[in-house]
Amino acid sequence: MGLVKENQAIVANVPGRKIKFYIMPDECDVKNFVAGTTEIHPGSQLPEHAHEEAEEIMFFISGKGEAVLDGEVKLINAGDFFSAPAGGTHTVRNTGKKPLLFCYIFSPAIDISIYTDEAKRLKGSGK
């Protein structure tokens, strides 16, 4: 595959955010990563969570907010990186007035079917 255009991404709209999946093991020739973008709406945040067997790296493209890892809060701005080790409880909050956009990468790849199956179903139904 090599190149994934924005219009080829699988889009999942969930409350408070939009997730785009670009690199997925079942969809391309890269098997050890999942990558895409997440846009968090102003005043929203990711649910606090952990990935027991995967590391996650986020690169913030625009907006500002807070990244929390194991209870430690760090201010984030466009141009910053944030990493969450496997098993690290984390969240990202949008504290600004504009969308907070970041690129994420998981390694090894995680199961994202809970998002992609629904997004594919909605796309197929024309919604």
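The numbers here are math on the coordinates, done by the rules we state, and not lab data. A quick note: this is a predicted structure, and the numbers were derived from the prediction, not measured. Methodologically, a virtual Cβ is constructed for each residue, glycine included, from the backbone with ideal geometry; neighbour enumeration extends over all protein chains shown.
For region 79-118, which residues satisfy the criterion of being assigned to a strand (DSSP E or B), under 20 Å from Gly43 (Cβ atoms) and among the hydroxyl-bearing types (Ser, Thr, Tyr)?
Thr91
Any residue at all in region 84-101 that's exposed (fewer than 15 other Cβ atoms within 10 Å of the Cβ), over 11 Å from the mean Cα position of the chain (by Cα), among the basic types (Lys, Arg) and under 30 Å from Gly2 (Cβ atoms)?
Among the residues of region 84-101, not one is exposed (fewer than 15 other Cβ atoms within 10 Å of the Cβ), over 11 Å from the mean Cα position of the chain (by Cα), among the basic types (Lys, Arg) and under 30 Å from Gly2 (Cβ atoms), which makes the answer no.
Take the residues in region 59-73 that are touching a Gly at 6+ places or on another chain (Cβ under 7 Å) and of a type in the set (D, E, K, R), then tell me which one is surrounded by the most Cβ atoms within 10 Å (Cβ to Cβ).
Residue satisfying both the conditions and the ranking: Lys64.
To keep it simple, each residue is scored yes or no on (1) assigned to a strand (DSSP E or B); (2) farther than 18 Å from Thr89 by Cα; (3) touching a Leu at 6+ places or on another chain (Cβ under 9 Å); (4) polar (S, T, N, Q).
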site	(1), (2), (3), (4)
Asp29	no, yes, no, no
His51	no, no, no, no
Phe60	yes, yes, yes, no
Glu66	yes, no, yes, no
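Could we say that Ile19 is in contact with a helix residue (DSSP H, G or I) (Cβ under 7 Å, 6 or more places away or on another chain) and under 17 Å from Asp111 (Cβ atoms) here?
Yes.
Which residue out of Glu27, Glu39, Glu52 is crowded, with 19+ Cβ neighbours inside 10 Å, in contact (Cβ under 8 Å) with a residue 12 or more places away in the chain and charged (D, E, K, R)?
After applying the criteria, what remains is Glu39.
If a residue has to be closer than 16 Å to Ile19 by Cβ and of a type outside the set (Gly, Ala, Ser) to count, how many in region 58-92 make the cut?
7
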